[in-house]
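Asker: If you scroll down you'll find the structure; I have some questions about it.
The values are calculated or read from the model by the stated rules, or taken from the named source; none is laboratory data. Treat the numbers as computed from the prediction; the structure is a model and nothing was measured. Using ideal geometry, Cβ is built from the backbone for each residue, glycine included, and neighbour counts are taken over all protein chains shown. SASA here: full protein model, heavy atoms, side chains in, ligands and nucleic acids out. Shrake-Rupley method; radii C 1.70, N 1.55, O 1.52, S 1.80 Å.
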Amino acid sequence: MRYNPKAIEAKWQKRWLETKTYEPKLKSAKKPVRQAHAKPFYNLMMFPYPSAEGLHVGNVYAFTGSDIYGRFQRMRGNDVFEPIGLDGFGIHSENYALKIGKHPAKQAKVSEKNFYRQLSQIGNGFAWREHLETYDPDYYKWTQWIFVQMFKKGLAYRKKAKVNWCPSCLTVLADEQVIQGRCERCETEVVKRDLEQWFFKITDYAERLLENLKTIDWSPKVKIAQAAWIGKSEGAELEFPVVTSDKRQETSIKVFTTRPDTLFGATYMVLAPEHPLIENLKLKIKNWEEVEDYIKKSAKKSEIERTAETKEKTGVELEGVKAVNPANQEEIPVFIADYVLASYGTGAIMAVPAHDQRDFAFAQKFNLSVWRVIRKKEAPIKSYLMGAKDVSDKELATLGISIIKKTSDGDRKIIVPKTKLSEYENLVSKKMTPGFWNEYIGEEAVFIFKHKDGSLERLTLTPETEKRIDKLAADFVGEGWSKSSVWKWLAENDWYADLIIHTDPGFLENSGKFDGLESEEAKWEITKFVGGEKKTQYRLRDWLISRQRYWGPPIPLVFCENCADKVRNQESRLRRSFGGQAGIRNIFNKGELENPGWIAVPEKDLPVKLPFVKNFRPTGTGQSPLASVKSFYETKCPKCGKTARRETDVSDTFLDSAWYYLRYPSIGMKNSKIKIKNDNGKYKIVEIPWSSEVTKKWLPVEMYIGGAEHSVLHLLYSRFLTMVFHDWGLLDFGEPFTTFRAHGLVIKDGAKMSKSKGNIVNPDDYIKAYGADALRLYLMFMGPFQDGGDFRDSGIAGLTRFLNRVWKFFSEKSKVKNQKLKIQAESQNLERILHRTVKKVTADIESLRYNTAISSLMMLLNEFEAAPDAVSLEGQKIFLKLLAPFAPHMTEELWSHLKEKGSIHKSAWPVFDPRLIREETFELVVQVNGKMRGKILLPQGVSQADAEKAAKTDPRLRSMLGGIATRKVIFVPGRLINFVI
RNA sequence: GCCUCCGUGGCGGAAUCGGCAGACGCGCACGGCUUAGGACCGUGUGGGGAAACUCGUGCAGGUUCAAAUCCUGCCGGAGGCACCA
């Protein structure tokens, strides 16, 4: 009988479904015991979005890797729950529908069928009963319910802001969906638009999102990405008084800085063009027209335009206005420039050009003073060259000096004639004289000065001196300096900021009484000195949740003019009669009070169904297609009954996927009703979207495997919502996924797969040609699961060959009924290899090193084939069990050939016997001076003396070791012996 | 620019703790079986050398009896962040 994957796979897929092999008893599973082997094991993989023609091979890769882990845990005796569903709502599915000219609702049905067909063929142990689709009203009812709760608790708010707008997808996007200034989905350049939108207050959770990272077992790169995205900075808020030309103080500018230690070096200030203070100072600004013009221009720029030309800074000085440096009372100019972001910190900065790249670039362009206030700690070159802390003018002269003048055709070096040296000495002595600037920048012997006409000159060293330094530099090599790095550091040819300024902390100078203090200490001393305040800033912004598209859950809110008035009036009344808290809070919830006129759709009226609309195309007007559907938006206010208008935007797809893992185990269960505290302090019994009983047993997710591209999207949002639910008392855990592992990327023939390149791998083709088992095996064998791999058609042949050999071996073996062991020695040897393989495969699966697990199974098969008669029935069973997670169909078939009852996938995972692994003898590696010179077979646990003797008497080694005195002998028991002679 | 990860045969990769570099597979070569082979089986396969041996894990150094592995600097690649003060 030949191996026929097609027939076998179809047969077992059908039987597994019939016998519910992969459906754990969700209710009766035992209470989880954390760690090692939790009985109920929630094995989750990221559900796919059915956007393209079918399942991508990248999905198959991820799902196979996740399934192997699940099957392994099942064989270890755990109840494994491995659900799957479709993330079918959202832009990606809608864009696909648009592309092929079909209505998304209709296309969803087609994709659903196709995806589920494909998913049932890849050999995963899915719990099919608990599947879900995000566009199912039974599901999005609860997505909307979550939105309503967020609103009621004041975690959803509406705000007009500059938001990311994708001109191709015709909708706004969250910050997380903008990758390098481009739309995450279509890679179109994102522009800024002023729109009123719904946001979720994820920033309230910034600190916890960051802090909790320490408690979860996730792939480090994902944690790092999240920490960077949250972007915590500790610094200070400092206030700079603003004075006008008549020296009268007008107002003040608040800045946030992480480097208050550089305050004495602040030589100008910059406001973001959107800073509200500019409008207030309008009358005092002498060049208002110019300023206004700049504001308008920068408003039009896209994010990419604003950030692309990093070197070319733009800005306008606010003439007639000066700021006062609170540290030294110097009057400094104030600018507006778009390199300062309105959305971070206070939207204003103090500029310290000597110690910040951007400020330096700006200062160069606008001829502003550069004042160094931080000195580097160590200066090996300088102290070597000069033998002193400061470079003296004389030293300079004796070294010889040349200038590089910047000319139109690049830098040109001119050796300075001796007669001109006095001029330089003059310059050097006029440290920080207005119009001139010279620096011992960092500790480099590089000097730049500025002429009155603004041209820059740089002093460097003559060729003779270069030679001398070269010699000196050679002495430094080995003290943490390579020759090239000494040179790079000393004499790089360009003169841009990266060479001249240094941004590291160090020791203060030119800072009055703070001179000599170390940066870290000086920071807080100076903050105190000027009456500033310690402050923490996060880079994270609130989650923009509304989308101007059709294919998503409508945001379950209603706008009512009448209620808007009520809220506003009540508020002003409350303000007048202080203390009158209670009344209004019983009528309106927090969200309604904070967003006057917006009323939550009552829970009993959910879902707000997405109507079937023929023209579902995005409009581009800043409104969703639903805004033109009268029957949808016309409604009555649920609060007062007057005419009201529904919100016509839908919510972000990532809201759907932020909680799906909570829903799976509760599908088909009764939702729980629990008592929760409302924002007005009263308790209320509410129905929640899951069964608390089942959730307690199965959650949080034990193992989650998915792509790292979701590091700051899905994985961040899920954590946020879980924390929120925890705070509301809906969940008894605050982190959704105990363990998360990011799998690698599959590429094809060394390149990323893309439709335009035509190198897309369609899993259907490969399953048809080779079977799912071979495809699974090949995908996992390509490389370490967490690194991804390069898919090459030629590679799959090797795994097909392997499977054929397994089949052949077991087919022929099963004919031999008499399992009499012919050769004792061989069978002992085999047993040892067998148990070693058990150990290796077990450890490899635990750490997702599937490639090496498969390779050791190949080696075991090689051994089996070399001595087929010595392979016991037990050995055959163990082999099949080890292979079962990788090739579930074939192993199940061969298992049944061995007349085993029940599924191999529910059989017990083999355990190795440590005693059987140990060998009685081992090969001792003999080294001479660290070089391998031979091996000798010795009994396990041999003493050093015996090993030495054996090595010295070994005929092949004798010539090398005989008679020569050894200086030292290193003996590593069980491994090697090294003779140093 | 900053952060993270990674550089090993013709290719994918192995070496999990600093202890035999190149497991396993692909490819290739030769041989067998075959009417035939893009099927199957066997043997070989990092470079140099007839061999003893020697060189060899991106490059240059360092630590060590011993380095692919640790340290320093450079070069190259991938990913993340990107005017975040």
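Asker: Just one of A:VAL340, A:VAL370 is at pLDDT 80 or above and within 16 Å of RNA strand B (Cβ to nearest atom); which is it?
Answerer: On inspection, the qualifying residue turns out to be A:VAL340.
Asker: For the stretch A:608-711, please list each of the strands (runs of 3 or more DSSP E) lying entirely inside it that holds at least 3 residues being basic (Lys, Arg).
Answerer: Of the strands (runs of 3 or more DSSP E) lying wholly inside the stretch A:608-711, those with at least 3 residues that are basic (Lys, Arg) span A:673-677.
Asker: Going by the structure shown, is A:GLY783 farther than 15 Å from A:VAL60 by Cβ, within 11 Å of RNA strand B (Cβ to nearest atom), part of a helix (DSSP H, G or I) and not polar (S, T, N, Q)?
Answerer: So A:GLY783 does not fit the description; no.
Asker: Moving on to the next point. May I ask you to list the residues in the stretch A:507-531 that are within 16 Å of RNA strand B (Cβ to nearest atom), buried (at least 22 other Cβ atoms within 10 Å of the Cβ) and either assigned to a loop (DSSP other than H, G, I, E, B) or charged (D, E, K, R) (or both)?
Answerer: Of everything in the stretch A:507-531, just one residue is within 16 Å of RNA strand B (Cβ to nearest atom), buried (at least 22 other Cβ atoms within 10 Å of the Cβ) and either assigned to a loop (DSSP other than H, G, I, E, B) or charged (D, E, K, R) (or both), namely A:LYS523.
Asker: Taking only the stretch A:243-270 into account, find how many residues are closer than 14 Å to A:PRO353 by Cα and within 12 Å of RNA strand B (Cβ to nearest atom).
Answerer: 10
Asker: Please state which one of A:LEU883, A:LEU924, A:LEU957 is open to solvent by less than 40 Å² (accessible area, probe 1.4 Å), within 16 Å of RNA strand B (Cβ to nearest atom) and touching a Ser or Thr at 6+ places or on another chain (Cβ under 6 Å).
Answerer: A:LEU883
Asker: Across the stretch A:692-722, what is the number of residues that are within 14 Å of RNA strand B (Cβ to nearest atom), open to solvent by 20 Å² or more (accessible area, probe 1.4 Å) and closer than 24 Å to A:LYS152 by Cβ?
Answerer: Final tally of qualifying residues: 0.
Asker: With the checklist (1) touching a strand residue (DSSP E or B) at 6+ places or on another chain (Cβ under 9 Å); (2) open to solvent by less than 20 Å² (accessible area, probe 1.4 Å); (3) within 24 Å of A:THR653 (Cβ to Cβ); (4) not acidic (Asp, Glu) in hand, flag the one item A:PHE725 doesn't pass.
Answerer: Just one mismatch for A:PHE725, condition (1).
Asker: Report yes if A:LEU44 is among the hydrophobic types (A, V, I, L, M, F, W, C), modelled with pLDDT of 95 or more and more than 27 Å from A:PHE781 (Cα to Cα), otherwise no.
Answerer: No.
Asker: Can you tell me which residue among A:GLY123, A:GLY181 is away from RNA strand B (no atom under 16 Å from the Cβ) and small (Gly, Ala, Ser)?
Answerer: Step by step, each of A:GLY123, A:GLY181 is checked, and only A:GLY123 is away from RNA strand B (no atom under 16 Å from the Cβ) and small (Gly, Ala, Ser).
Asker: Could you list, ordered by first residue, the pairs with Cβ atoms under 6 Å in which the first is in the stretch A:45-63 and over 20 Å from A:PRO104 (Cα atoms) and the second is assigned to a loop (DSSP other than H, G, I, E, B), at least 6 apart or interchain?
Answerer: Close Cβ pairs (under 6 Å, with a partner that is assigned to a loop (DSSP other than H, G, I, E, B)) amount to A:VAL57/A:VAL761; A:ASN59/A:PRO48; A:VAL60/A:ILE122; A:PHE63/A:ASN124.
Asker: Restricting attention to the stretch A:905-932, and to residues there that are without any contact (Cβ under 8 Å) to a residue 60 or more places away in the chain and of a type in the set (Val, Ile, Thr), which single residue is nearest to A:PHE809 (Cα to Cα)?
Answerer: Among those residues, the one meeting the criterion is A:THR921.
Asker: Within the stretch A:215-228, can you find the residues that are within 18 Å of A:ASP175 (Cα to Cα), in contact with a helix residue (DSSP H, G or I) (Cβ under 7 Å, 6 or more places away or on another chain) and in contact (Cβ under 8 Å) with a residue 40 or more places away in the chain?
Answerer: Scanning the stretch A:215-228 gives A:VAL222, A:GLN226.
Asker: Restrict the check to the stretch A:892-914 and report whether at least one residue is within 11 Å of RNA strand B (Cβ to nearest atom) and open to solvent by 70 Å² or more (accessible area, probe 1.4 Å).
Answerer: No; the residues of the stretch A:892-914 include none that is within 11 Å of RNA strand B (Cβ to nearest atom) and open to solvent by 70 Å² or more (accessible area, probe 1.4 Å).
Asker: Being among the charged types (D, E, K, R), away from RNA strand B (no atom under 16 Å from the Cβ) and either in contact with a Cys (Cβ under 7 Å, 6 or more places away or on another chain) or modelled with pLDDT of 80 or more (or both): is that true of A:LYS935 here?
Answerer: The answer is no for A:LYS935.
Asker: Looking only at strands (runs of 3 or more DSSP E) that lie completely in the stretch A:64-179, which have at least 3 residues being not polar (S, T, N, Q)?
Answerer: A:79-81, A:156-166
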